[in-house]
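What follows is a single structure, written as structure tokens, with notes after it.
The values are calculated or read from the model by the stated rules, or taken from the named source; none is laboratory data. Here the structure is a predicted model, which is why all the values come from computation and not from measurement. Positions of Cβ are backbone-derived with ideal geometry, glycine not excepted, and every protein chain shown enters the neighbour counts.
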Amino acid sequence: MSKDTRAKNEPRAAKEPKSKPQPKPKSFRANVFVSLKPTVNDPEGNTISSALGSLGFEGVSGVRSGKYFQLTLQAPDAKKASKQVDQMCARLLANPVIETYRFDVTED
């Protein structure tokens, strides 16, 4: 018979819950396109439009400039990767007051 050597009020050690194995993160590539909202003036686009006309490209009109980002990130699945990219766009990559964004996420 074994004797319990703990003090009377000393609690038993709690059993550590078995953690579920985390899925191995996958690598994803996100292509992000940011552009000014249609109601926002685009002086850079106007300058480019004029320059193209000066170079002989007469059929070009309505030039809008924008930004392009290519990101590589780690996530357990495409849904979580898309959620992260959406948060990145909303918080840093785009100014939601004057810009819109769209992106696509593919497994790298």
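Assess whether Lys20 counts as being in contact with a Phe, Trp or Tyr (Cβ under 9 Å, 6 or more places away or on another chain), outside any helix (DSSP H, G or I) and either on the phi < 0 side of the Ramachandran plot or in contact (Cβ under 8 Å) with a residue 24 or more places away in the chain (or both).
no
Among the residues of segment 52-87, which ones are assigned to a strand (DSSP E or B) and more than 22 Å from Val40 (Cα to Cα)?
Gln70, Leu71, Thr72, Leu73, Gln74, Ala75
Looking at segment 49-69 only, could you name the residues that are out of contact with any Leu (no Cβ under 9 Å at 6 or more places or on another chain), closer than 19 Å to Thr100 by Cβ and at pLDDT 95 or above?
Within segment 49-69, Tyr68 is the sole residue that qualifies.
Counting only residues that are surrounded by 11 or more Cβ atoms within 10 Å (Cβ to Cβ), in contact with a Phe, Trp or Tyr (Cβ under 7 Å, 6 or more places away or on another chain) and aromatic (Phe, Trp, Tyr), how many does segment 59-102 have?
1
Give me the pairs, please: first residue somewhere in segment 97-108 and aliphatic (A, V, I, L, M), second residue anywhere and surrounded by fewer than 16 Cβ atoms within 10 Å (Cβ to Cβ), beta-carbon distance under 7 Å, and either six or more positions apart or on two chains.
Matching pairs, first to second residue: Ile98/Lys37; Ile98/Val40; Val105/Ala78.
List, please: which pairs have Cβ atoms under 8 Å, are six or more places apart or on different chains, and start with a residue in segment 24-48 that is outside any strand (DSSP E or B) and end with one that is surrounded by 13 or more Cβ atoms within 10 Å (Cβ to Cβ) and of a type in the set (D, E, K, R)?
These pairs meet every condition: Lys37/Glu99; Val40/Glu99; Asp42/Arg64; Gly45/Arg64.
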